[in-house]
Structures are given as structure tokens and as C-alpha cells.
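Peer 1: I'd like to ask some things about the structure below.
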Amino acid sequence: AQSVTQPDIHITVSEGASLELRCNYSYGATPYLFWYVQSPGQGLQLLLKYFSGDTLVQGIKGFEAEFKRSQSSFNLRKPSVHWSDAAEYFCAVGAVGAGNMLTFGGGTRLMVKP
Amino acid sequence: GAGVSQTPSNKVTEKGKYVELRCDPISGHTALYWYRQSLGQGPEFLIYFQGTGAADDSGLPNDRFFAVRPEGSVSTLKIQRTERGDSAVYLCASSSRAHTGELFFGEGSRLTVL
């Protein structure tokens, strides 16, 4: 069975600082990998996804993530954080051919200091 | 509206009561998913519909939970004999073949069982 671990429950960064959110997955084959963001009062929104090809993927709002098969990781990064990035971030893994069903990690809550 | 709509947004009920939660997906999306998100955790898969049929209901926790999608559009999640442990945010998402791997989520229905 697939699983996702997000080791950091809470992270606080200063506005303008760089950000890296960690994600490790367990899956027996080539995974589909996703990052979603959940802001208060809003539904989950897709930031970016990896299916195949270039292991560095670009997403919306200036986010990027790098797939590292050897480390079973898919860490999310942003070079300069804005106050509006404060939210909860979820990493998810999908099974190829499984109809878009996703397994989510526990989430990382990001706080941004002014 | 253009997005996934869920009603009610909040539901408070007493232990033992019956509850229905409704999801109206994005028009034209053939796939529909129900997830449950408990406090401080990531979304947990419940059931997935492709059209009118439940393609995978392996995430339903027990036989008190079931869901229907009779006309391949709106879906209802039904919970019988509610328990305090059922308290959570129930998320609905939809997707289409044109958006492989991307789920479009509603804002959720928060269920509180007293």
C-alpha cells in the first residue's frame, strides 16, 4: 500500500526567506506525486504534479518540487515566501491507473512572520 | 457555480442520528471522490465513483457509511447511527480525463456529532 510522510507538522519562516517542505512516499512502482495547498475557508488547490520526465516541476504561485527516486522524496520549495503563502500544505501520491485516487500525507502548516 | 459545491457547510447532530451530505461536482466531470479529514490530519480516501457506479469503496470505514450517485452527477454521502468519532470535515472532489491526476475539491462539510 502507498503512504506519504510529511515529517514537519509546523514550519515558521520569515517573509522573503526561502522555503522547503519535506515529503517522503512509499510506493512500489512509479508514482504520481502532487502538492496541494489548503487555505482557511477554501478547498484544496493543486500546486503542482509530477508524472514523468523532468524531475524538477514548476507549479503555480512560484512553487517548485523535485522528485528524487533514490530518496523517495518530493520536496516542495519556494525561493521567497510571501505572507499570503501561510496555509496548510499536503503532499499526495497516486497510483498509476487507479483513477486519480490519492493518498495524502498529514500536512505541514506554514506560518509566515512579517 | 464553476466549482465543486458541498452542502451543508456545517452540520451538528446528536449521536445516533442519520446524516446526509451532498456534493455537486463540476459539470462534465465523470469522476467523483469523497474524502474525510479529521482535525490535524490529511484527507483520507473514502469512495470513488466513475459515472454512476462506485469504482472503489474500500475506504468506507464500516457499513454505517454509504454513498450514491444515481445520475452520474450529484452524490450523497449517507451516515447512519452517527458516532462522535465521525466528527470531521467531509471533502468531495471531482475530476475529468482531461485533468489526469488533478482533483478539484469543494470546501467541505464539517460534521460535528455531539
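Peer 1: How many residues, within the stretch B:18-30, are within 14 Å of chain A (Cβ to nearest Cβ) and surrounded by fewer than 21 Cβ atoms within 10 Å (Cβ to Cβ)?
Peer 2: Number satisfying all stated conditions: 4.
Peer 1: B:GLY40 fails exactly one of the following numbered conditions: (1) on the phi < 0 side of the Ramachandran plot; (2) assigned to a loop (DSSP other than H, G, I, E, B); (3) of a type outside the set (Phe, Trp, Tyr); (4) within 14 Å of chain A (Cβ to nearest Cβ). What is the number of that condition?
Peer 2: So the condition that B:GLY40 fails would be (1).
Peer 1: Has the stretch B:75-89 got at least one residue that is under 16 Å from A:TYR36 (Cα atoms) and of a type outside the set (D, E, K, R)?
Peer 2: The answer is no; no qualifying residue exists.
Peer 1: If we keep just the residues of the stretch B:79-101 that are crowded, with 19+ Cβ neighbours inside 10 Å and under 27 Å from A:PHE51 (Cβ atoms), which is farthest from the chain's Cα centre (by Cα)?
Peer 2: Only one residue fits best here, namely B:SER95.
Peer 1: Given the condition surrounded by 15 or more Cβ atoms within 10 Å (Cβ to Cβ) and either β-branched (Val, Ile, Thr) or facing another protein chain (nearest Cβ under 9 Å) (or both), answer yes or no: does some residue in the stretch B:60-67 qualify?
Peer 2: no
Peer 1: Which residue out of A:LEU33, A:LEU56, A:LEU47 is touching a Lys or Arg at 6+ places or on another chain (Cβ under 9 Å) and either more than 14 Å from chain B (Cβ to nearest Cβ) or within 27 Å of B:SER9 (Cα to Cα) (or both)?
Peer 2: A:LEU47
Peer 1: Also, quick follow-up: I need a count of the residues in the stretch B:43-73 that are in a strand (DSSP E or B) and of a type outside the set (A, V, I, L, M).
Peer 2: 9
Peer 1: Also, quick follow-up: Taking the conditions exactly as written (surrounded by fewer than 21 Cβ atoms within 10 Å (Cβ to Cβ) and either away from every other protein chain (no Cβ under 14 Å) or touching a Leu at 6+ places or on another chain (Cβ under 7 Å) (or both)), does B:THR76 satisfy them or not?
Peer 2: yes
Peer 1: The conditions are (1) of a type outside the set (A, V, I, L, M); (2) over 14 Å from A:TRP35 (Cβ atoms); (3) in contact with a helix residue (DSSP H, G or I) (Cβ under 7 Å, 6 or more places away or on another chain), and A:SER72 fails exactly one of them. Which is it?
Peer 2: Evaluating A:SER72 over (1) of a type outside the set (A, V, I, L, M); (2) over 14 Å from A:TRP35 (Cβ atoms); (3) in contact with a helix residue (DSSP H, G or I) (Cβ under 7 Å, 6 or more places away or on another chain) leaves (3) as the failure.
Peer 1: Do the conditions hold for B:TYR48, that is, is it surrounded by 14 or more Cβ atoms within 10 Å (Cβ to Cβ), without any contact (Cβ under 8 Å) to a residue 40 or more places away in the chain, under 25 Å from B:ALA2 (Cα atoms) and at the interface with another protein chain (Cβ under 10 Å from one of its Cβ atoms)?
Peer 2: Answer is yes for this residue.
Peer 1: Evaluate the following for A:GLY97: is it modelled with pLDDT under 90, within 25 Å of B:ASP56 (Cα to Cα) and either in contact with a Phe, Trp or Tyr (Cβ under 8 Å, 6 or more places away or on another chain) or outside any strand (DSSP E or B) (or both)?
Peer 2: Against the criterion (modelled with pLDDT under 90, within 25 Å of B:ASP56 (Cα to Cα) and either in contact with a Phe, Trp or Tyr (Cβ under 8 Å, 6 or more places away or on another chain) or outside any strand (DSSP E or B) (or both)), A:GLY97 qualifies.
Peer 1: Also: Any idea which of (1) within 28 Å of A:SER52 (Cα to Cα); (2) within 13 Å of chain A (Cβ to nearest Cβ) is the one B:GLU107 doesn't satisfy?
Peer 2: B:GLU107 satisfies all of (1) within 28 Å of A:SER52 (Cα to Cα); (2) within 13 Å of chain A (Cβ to nearest Cβ) except (1).
Peer 1: Do we have B:SER73 as over 14 Å from B:LEU46 (Cα atoms) and modelled with pLDDT under 95 here?
Peer 2: Criteria met by B:SER73.
The values are calculated or read from the model by the stated rules, or taken from the named source; none is laboratory data. Remember, predicted model here, so these are calculated numbers, not experimental data. Cβ sites come from the backbone with ideal geometry, for glycine too, and all protein chains shown count toward neighbours.
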